[in-house]
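Step one of this worksheet: look at the structure below.
The values are calculated or read from the model by the stated rules, or taken from the named source; none is laboratory data. Worth saying up front: this structure is predicted, and the values here are computed from it rather than measured. As a convention, Cβ positions derive from the backbone with ideal geometry for all residues, glycine included, and neighbour counts pool all protein chains shown.
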């Protein structure tokens with residue numbers, strides 16, 4: 001009898017460049033892990049340890065700034081959903097997440113909102129950067145470039161593990177994928193005040209590459225309950241997004257996960273990178289080999305979070321629901337009339 005997993009597996013990405021037998025064994029292990037839990041620790045990833053340390057140190061430094069310096073880049077000022085949010089202002093399934101964070105996307109020139117253009121074009125624009133910490137911009141954009149390249153390599157390996165050309169998804173992520181980088185701090189809180197650091201959810205893109213500092217809190221849904229995923233030095237946690245679940249007909253698994261708030265008096269720091277497809281693209285359906293196609297289980301459907309093959313439709317839905325204050329300030333015309341008048345804390349979100 002197989003025992004239920006109590007921890008996430010660890011995969012060594014350097015095996016991908018090994019001799020053919022070892023390489024094929026790695027691809028099979030990657031495929032099986034992505035199909036079962038959909039989460040794993042990644043070693044041998046090639047990201048510079050000094051850059052990782054710098055990202056964590058600057059993230060900590062940002063969250064230690066006076067509140068006025070952080071609010072200089074408050075997200076509600078950005079139609080592109082970029083910038084800083086206090087704890088409680090992002091929502092998952094209608095409930096506030098107890099984390100403060102900064103969202104960074106592709107660095108692009110400012111452009112006026114054209115309400116006659118496709119709605120996703122409103123997401124194109126600049127990031128906001130704090131004047132009190134100017135070095136944050138260059139470091140985070142350099143890190144974003146490096147984890148983007150890593151995310152693409154992981155996506156290519158996953159495609160190959162499914163019997164596809166490694167570049168099968170290139171048409172929907174070239175010349176530039178959709179990128180979202182979050183630096184996140186989870187403040188400690190009393191248990192009677194709640195423990196939702198971020199509520200149970202799935203990620204939407206190809207893959208997520210998560211860097212954790214020293215304090216745990218991430219939990220992954222397992223067959224018999226939540227599996228703890230504490231920080232392991234030198235690793236990233238990688239998980240499969242809904243785009244790959246849809247493309248594989250449900251062969252790969254985008255799994256549910258959450259973050260539990262640390263106890264009062266402490267905090268948790270993490271840096272999450274989400275690799276997505278171009279906003280103007282459509283998710284393809286892969287033609288899997290016969291032996292794999294026999295085990296396709298279908299895409300998970302959630303009435304509260306319907307999935308669409310149009311990438312922009314999924315991504316824009318997520319942004320509007322997760323940040324109702326920004327949605328109302330800049331995109332009220334895209335909201336359901338019933339959502340426009342709800343109290344912010346009750347706004348529907350995933």
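So which residues in the range 75-92 are within 16 Å of the chain's Cα centre (by Cα) and farther than 16 Å from residue 180 by Cα, if there are any at all?
Hits for the range 75-92 are 91, 92.
Look at residue 184 and say whether it is within 20 Å of residue 274 (Cβ to Cβ) and touching a residue at least 40 places away in the same chain (Cβ under 8 Å).
So residue 184 passes the test.
May I ask you to list the residues in the range 26-49 that are in contact with a helix residue (DSSP H, G or I) (Cβ under 9 Å, 6 or more places away or on another chain) and in a strand (DSSP E or B)?
39, 40, 42, 43
Give 259, 215, 232 a once-over and let me know the one that is at pLDDT 95 or above and either crowded, with 23+ Cβ neighbours inside 10 Å or under 17 Å from the mean Cα position of the chain (by Cα) (or both).
259
Does residue 183 satisfy the condition of being crowded, with 20+ Cβ neighbours inside 10 Å, in a helix (DSSP H, G or I) and modelled with pLDDT of 95 or more?
Judged against the criteria, residue 183 is not a match.
Answer yes or no as to whether residue 110 is surrounded by fewer than 21 Cβ atoms within 10 Å (Cβ to Cβ) and under 25 Å from residue 239 (Cα atoms).
The answer is no for residue 110.
Looking only at the range 118-136, count how many residues are assigned to a helix (DSSP H, G or I) and buried (at least 18 other Cβ atoms within 10 Å of the Cβ).
4
Would you point out which residue out of 106, 112 is under 14 Å from residue 274 (Cα atoms) and part of a loop (DSSP other than H, G, I, E, B)?
106
Can you tell me which residues in the range 79-97 are surrounded by fewer than 23 Cβ atoms within 10 Å (Cβ to Cβ), on the phi < 0 side of the Ramachandran plot and in a loop (DSSP other than H, G, I, E, B)?
Within the range 79-97, 79, 86, 87, 89 meet the criteria.
Select from the range 58-74 the residues that are over 21 Å from the mean Cα position of the chain (by Cα) and part of a helix (DSSP H, G or I) and write down the one among them that is farthest from residue 238 (Cα to Cα).
Step by step, filter the range 58-74, then rank; the result is 68.
Have a look at 148, 139 and point out the one that is surrounded by 16 or more Cβ atoms within 10 Å (Cβ to Cβ), in contact with a strand residue (DSSP E or B) (Cβ under 8 Å, 6 or more places away or on another chain) and in contact (Cβ under 8 Å) with a residue 24 or more places away in the chain.
The match here is 148.
Out of the residues in the range 59-78 meeting the condition of being in contact with a strand residue (DSSP E or B) (Cβ under 8 Å, 6 or more places away or on another chain) and crowded, with 19+ Cβ neighbours inside 10 Å, tell me which one is farthest from residue 145 (Cα to Cα).
Only one residue fits best here, namely 70.
Please pick out the residue among 281, 204 that is surrounded by 17 or more Cβ atoms within 10 Å (Cβ to Cβ), touching a helix residue (DSSP H, G or I) at 6+ places or on another chain (Cβ under 8 Å) and at pLDDT below 95.
Just a single option satisfies the conditions, and that option is 204.
Can you tell me which residues in the range 299-312 are in a loop (DSSP other than H, G, I, E, B) and either touching a strand residue (DSSP E or B) at 6+ places or on another chain (Cβ under 6 Å) or closer than 19 Å to residue 163 by Cα (or both)?
309
Go through (1) outside any loop (DSSP other than H, G, I, E, B); (2) out of contact with any strand residue (DSSP E or B) (no Cβ under 8 Å at 6 or more places or on another chain) for residue 11 and report which single condition fails.
(2)
Being out of contact with any strand residue (DSSP E or B) (no Cβ under 9 Å at 6 or more places or on another chain), at pLDDT 90 or above, more than 14 Å from residue 247 (Cα to Cα) and surrounded by fewer than 19 Cβ atoms within 10 Å (Cβ to Cβ): is that true of residue 342 here?
Against the criterion (out of contact with any strand residue (DSSP E or B) (no Cβ under 9 Å at 6 or more places or on another chain), at pLDDT 90 or above, more than 14 Å from residue 247 (Cα to Cα) and surrounded by fewer than 19 Cβ atoms within 10 Å (Cβ to Cβ)), residue 342 does not qualify.
Where the second residue is outside any helix (DSSP H, G or I) and the first is without any contact (Cβ under 8 Å) to a residue 60 or more places away in the chain and lies in the range 22-49, which pairs have Cβ atoms under 6 Å and are six or more apart or on separate chains?
Hits for this filter: 33/9; 33/40; 44/12.
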